[in-house]
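A quick write-up on the structure given underneath.
Please treat every number below as a calculation from the coordinates, not as lab data. Note that the structure is predicted; figures quoted are calculated from it, not measured. No Cβ is skipped: glycine too gets one built from the backbone with ideal geometry, and neighbour counts run over all protein chains shown.
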Ligand code: NAD
């Protein structure tokens, strides 16, 4: 169903972004692999997905930098001729208790996670409007729904991503551009690798399915939202969290 479509995934050199790239490639989607700094890792994802028979190339761009994002989208359209799917996946954490959180830590997390999604969404919208079709999938987080101590910056950004999803879904529906979000719980990636054993045990006790998720668990839902099976779904946030937040 997705064969021959073209997608851009931000922050796709590792973790959930890499898993989404592999899942879409398995389904015949050509890919732009965006990355922030690690060129070698991005190149290895390009080679992995090419082995699955799709076209792919990597572009370095900071999602929070509009000039870089516009240049990346232009390159994607020049190369592939269309852009059918955008996955706003790039994200960072800079955790700290509220009283210790510096203004820069707040700004950096908001800029990457929320402003980055806004900039990329805005940059693909003109092309998707011309095509009269498009799918935008935002990677939010369950903590954007539930809140989390020590993550005021990240939670505000992810709650913002859910709001951005709803607002853009309403605004772009008449152009047949569908916008949805996924809200992962705790997924085993570099981002959660920093948890101490005690934090891990406390986290597992809060998850009804009693395990951390895998990046592939998120990737399969993104593939569904990008597909024709999700033709009548927009503005939604799907929790992928082992039942943690109901
Ligand atoms: P990760 O740290 O492995 O991956 C994040 C990716 O984003 C990296 O490749 C990084 O280089 C890239 N990135 C960071 N800043 C960027 C920028 N300014 N421009 C472009 N790329 C940038 O973490 P992950 O767990 O794979 O996270 C992917 C997404 O999933 C993030 O949005 C994260 O907030 C979200 N998420 C993760 C979890 C989890 O448990 N791992 C849970 C909920 C949500």
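Cβ crowding within 10 Å ranks 13, 141 as 13, 141, fewest other Cβ atoms first.
Find the relative contact order for the range 39-137 and round it to a whole percent, using C-alpha pairs within less than 8 Å whose residues are 6+ positions apart. Can you show the working numbers first?
Numbers: 84 pairs, mean separation 32.9, N = 99.
Once divided by the residue count of the range 39-137, the mean separation gives 33 percent.
Across the chain, C-alpha contacts under 8 Å between residues 6 or more apart give a mean separation that, scaled by the residue count, equals a relative contact order of 19 percent.
Can you give the FRET efficiency for residue 75 and residue 1, using 1/(1 + (r/R0)^6), R0 = 30 Å, r = Cβ-Cβ distance, to the nearest 0.05? Before the final figure, lay out the partial values.
Working: r = 26 Å, r/R0 = 0.88.
So, using R0 = 30 Å, E works out to roughly 0.70.
With a simple spin-label model that places each label point 7 Å from the Cα along the Cα-to-Cβ direction, the separation between residue 210 and residue 198 comes to 2.4 nm. Peptides 93-100, 25-32, ordered by how many other C-beta atoms sit within 10 Å of their residues on average, highest first, read 25-32, 93-100.
Sorted by mean Cβ packing within 10 Å, highest first, what order do the peptides 226-234, 84-92 take?
Working: 226-234: 14.6, 84-92: 25.2.
Per-residue Cβ counts within 10 Å, averaged per peptide and sorted highest first, yield 84-92, 226-234.
Take each peptide in 125-131, 54-60, count the other Cβ atoms within 10 Å of every residue, and average; sorted highest first, the result is 54-60, 125-131.
By other beta-carbon atoms within 10 Å, ranking 165, 237 with the fewest at the front produces 237, 165.
Calculate how many DSSP beta bridges within the chain are antiparallel, expressed in % of all such bridges and rounded to the nearest 5. Kindly include the intermediate steps, with their values, before the conclusion.
Numbers: 0 of 27 bridges.
Within the chain, antiparallel bridges account for around 0 percent of the total.
For the range 104-127, the residues whose backbone nitrogen is under 15 Å from a point 7 Å from the Cα of residue 65, taken along Cα to Cβ, are 112, 116, 120.
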